[in-house]
Amino acid sequence: MLLAAGRGERMRPLTDQVPKPLLEAGGKALIIWHIEKLVRAGMTELVINHAYLGSQIEAALGDGSKFGAHIQYSAELTALDTAGGIANALPLLGKEPFAVISSDIYCDYDFACLPDRAALLKSSEDVAHLLLVDNPPHHADGDFYLHNGRIGCNLHLSPNALALTFSGISLYKPALFADITRGSNAPLAPLLRSHLDKISGEHFRGQWMDIGTPQRLAELDQLISRQIS
């Protein structure tokens, strides 16, 4: 599942007429970078949620066939926040563990790792697996602590635990969202914090950017342009 329902207030005025997932860097929409990487990794069954200017997203991506994918859409009348959006899309996601990726990040994580991670999640008692990254300057305190592959919210996990930032890439069992009424608004962070004893994690040290401001979008555009040239 690719998350694409946010309004992108911090990206204004760029998002006044264009939804954030369709903003371009390196000559390509942010969400298309993810779609192409997922397809190259062998994952072609995709679900995309949308709310703000969602018709533009459907028009740009279609049924996914031009990317070698099959895309289904989970439309929201108003953005339901992350957990609410995932819960609303559960009928399209099936009964097995699934990956969720925020469309407003950019990274070089190997998505081909996701099926094996999903298989491990399925065979465990855990309900989620999170990819964490080093804290960027704009989020210096991080979101969670990580130690020996386990997630915590404070140093009680271990004095040696690392404070890290949630990357926006994760795997979930559908049961985690079972108690959220479809169509209701629900944030993700409180839900995760209420299940910390059943969440694994890994520290990704590769390239990662949160494209949350016009400045960061411009930085990404320059980065990709240098890599292409």
Practice problem: List every residue pair whose Cβ atoms lie under 6 Å apart, where the two residues are 6 or more positions apart in sequence or sit on different chains, the first residue falls within segment 105-129 and is closer than 9 Å to Ser200 by Cβ, and the second residue, located anywhere, is assigned to a loop (DSSP other than H, G, I, E, B) and not charged (D, E, K, R). | Solution: Leu121/Pro97
Quiz item: Can you find a residue in segment 164-181 that is surrounded by 15 or more Cβ atoms within 10 Å (Cβ to Cβ) and more than 20 Å from Thr82 (Cα to Cα)?
Solution: no
Practice problem: Keeping to segment 188-199, report how many residues are assigned to a loop (DSSP other than H, G, I, E, B) and in contact with a Gly (Cβ under 8 Å, 6 or more places away or on another chain). | Solution: 0
Quiz item: Regarding Leu171, is this residue in contact (Cβ under 8 Å) with a residue 40 or more places away in the chain, closer than 23 Å to Glu125 by Cβ, not aromatic (Phe, Trp, Tyr) and not in a helix (DSSP H, G or I)?
Solution: yes
Self-check item: Checklist (1) surrounded by 13 or more Cβ atoms within 10 Å (Cβ to Cβ); (2) modelled with pLDDT of 95 or more; (3) under 30 Å from Gln215 (Cα atoms) applied to Gly26, failing item
Solution: (2)
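A quick yes/no check of all residues on (1) on the phi > 0 side of the Ramachandran plot; (2) out of contact with any helix residue (DSSP H, G or I) (no Cβ under 8 Å at 6 or more places or on another chain); (3) at pLDDT 90 or above; (4) outside any strand (DSSP E or B):
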site: Tyr145; (1), (2), (3), (4): no, no, yes, no
site: Pro159; (1), (2), (3), (4): no, yes, no, yes
site: Ala163; (1), (2), (3), (4): no, yes, yes, no
site: Ala175; (1), (2), (3), (4): no, yes, yes, yes
site: Ile180; (1), (2), (3), (4): no, no, yes, yes
site: Ser184; (1), (2), (3), (4): no, no, yes, yes
Quiz prompt | Cβ pairs under 8 Å, 6+ apart, first in segment 81-96 and on the phi > 0 side of the Ramachandran plot, second assigned to a helix (DSSP H, G or I) | solution = Asp81/Leu188; Gly94/Pro174
Quiz item: Which residue out of Thr15, Thr78 is modelled with pLDDT under 95, β-branched (Val, Ile, Thr), closer than 21 Å to Leu217 by Cβ and not in a helix (DSSP H, G or I)?
Solution: Thr15
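The values are calculated or read from the model by the stated rules, or taken from the named source; none is laboratory data. Just so you know, these numbers come straight off a predicted model, no measurement behind them. When we count neighbours, we look across all protein chains shown, and the Cβ atoms used for this are built from the backbone with ideal geometry, even at glycine.
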